[in-house]
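Inspection log for the structure reproduced underneath, given as structure tokens.
The values are calculated or read from the model by the stated rules, or taken from the named source; none is laboratory data. Note that the structure is predicted; figures quoted are calculated from it, not measured. Backbone-built Cβ (ideal geometry, glycine too); neighbour counts: all protein chains shown. Just the protein is used for accessible areas: all its heavy atoms, side chains included, with ligands, DNA and RNA removed. Shrake-Rupley method; radii C 1.70, N 1.55, O 1.52, S 1.80 Å.
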Amino acid sequence: MALPGLAVAVLTIAILIAVILGALRLLAAPGPGLVRTVEIACLAVIAAVATFAAISIINSLFGNTTNVEVVLAANPPQIKLPGFSFEPGTAAILSGGVDRATITVSGLSWLPRALLAATTAVQAFVTITIVWTIRTIARQTRAGKPFDRTPQLLMGCALLLFAGSFAWAVLGDTGAYLAGEEALDVSGWGTDQALTSYLGQTELNAYDLGWPETAHWQVNLPMLPLGVAFGLALLSLVFAAGQKMQEDTEGLI
Amino acid sequence: MPDEEAGRIHCRLDELLAERGLTLTRLSELVGVSLVNLSVLKNDRAKAIRYSTLTAICDALDCEVGDLLVLRHG
């Protein structure tokens, strides 16, 4: 490794170690330092998410290229060429297939662009709202009133995350499906008379030759965010009990 | 207890401290209750008081509970 590259690697590792040790120190003795760190980190995360989401949305709507993950009909990888037979590799594929393609495409129509941009917007909105709620709870904790409004905020986040998960799954999967249809539905026609005569046809769909095929429209619900939503709802009940206790002991000497 | 009923309890901490020549700061050190909380108690803004706090204040001021807390009528 060249000297500058080694120096960068050493510096990166040193910074990572310092960050990890700092985080462990805060977690080992939770106090005002941890709360303040969480507040600042939340602001940084919100700024980062908003920035990246804005760039992604603008690129989805107006960019020349769009990145999209397309769900494929999981056909086993194969090459279908009449008159040719192919030997399998040292290990034979018995089942399964290629089920996803992450592709960069250009020339998408407005509908998949809009759906993909809306997906990013929903995900960013939900993320920013949850992180803002964490920051609010941290500020309340620093002010000595950790239970003020917290049950209501947590339940709001739970509902938003639940609804948002459904929304971004429908928007994202539909946008990806349409993008896949536009990018992968490839057909062609033959001009070589001898070849078309041999094949007995002049037009071919690329799927016939083993080209990846978009799976039928489907929505894959993200189980983790849905589970977290239920967890937040339960947490709001716990904090509601704490809110009652805080009210009961307010002004207690 | 509704707040307006609790507001009729008057804490005579100011009077008792003056009689004994003690400051609120000194009482805070003796009793182990923060100055802020003693100030809340002194200004009749407290909503509840622990028995342990009551005991410590009465011990420090050498007084009875009835000397410290009185009920205002009307």
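Could you list, in sequence order, all residues of region A:215-253 that are within 14 Å of chain B (Cβ to nearest Cβ), part of a helix (DSSP H, G or I) and not hydroxyl-bearing (Ser, Thr, Tyr)? Explain how you work it out, then say what you get.
Applying the first criterion (within 14 Å of chain B (Cβ to nearest Cβ)) to region A:215-253 yields A:245-253.
Subset that is part of a helix (DSSP H, G or I): A:245-249.
Residues satisfying the conditions are A:Met245, A:Gln246, A:Glu247, A:Asp248.
Any idea which of A:Leu184, A:Leu153 is surrounded by fewer than 21 Cβ atoms within 10 Å (Cβ to Cβ) and not β-branched (Val, Ile, Thr)? Spell out how you get there, then give the answer.
Details: A:Leu153 fails: surrounded by fewer than 21 Cβ atoms within 10 Å (Cβ to Cβ).
Among A:Leu184, A:Leu153, only A:Leu184 is surrounded by fewer than 21 Cβ atoms within 10 Å (Cβ to Cβ) and not β-branched (Val, Ile, Thr).
Cβ separations smaller than 9 Å between residues 6+ apart or across chains give the following pairs from region A:19-37 residues that are under 14 Å from A:Thr141 (Cβ atoms) to residues that are open to solvent by 90 Å² or more (accessible area, probe 1.4 Å): A:Pro32/A:Arg142; A:Gly33/A:Arg25; A:Leu34/A:Leu27; A:Val35/A:Arg139; A:Val35/A:Arg142; A:Arg36/A:Arg142. Residues that are under 10 Å from the mean Cα position of the chain (by Cα), within 11 Å of chain A (Cβ to nearest Cβ) and assigned to a loop (DSSP other than H, G, I, E, B) occur at least once in region B:47-69. When the test is whether a residue is polar (S, T, N, Q), open to solvent by 40 Å² or more (accessible area, probe 1.4 Å) and out of contact with any Pro (no Cβ under 9 Å at 6 or more places or on another chain), A:Ser109 passes it. When B:Leu17, B:Leu38 are checked against the criterion of being open to solvent by less than 50 Å² (accessible area, probe 1.4 Å) and away from chain A (no Cβ under 11 Å), B:Leu17 stands alone in meeting it. Restricting attention to region B:21-47, the residues that are touching a residue at least 24 places away in the same chain (Cβ under 8 Å) and either aliphatic (A, V, I, L, M) or over 19 Å from B:His10 (Cβ atoms) (or both) add up to 9.
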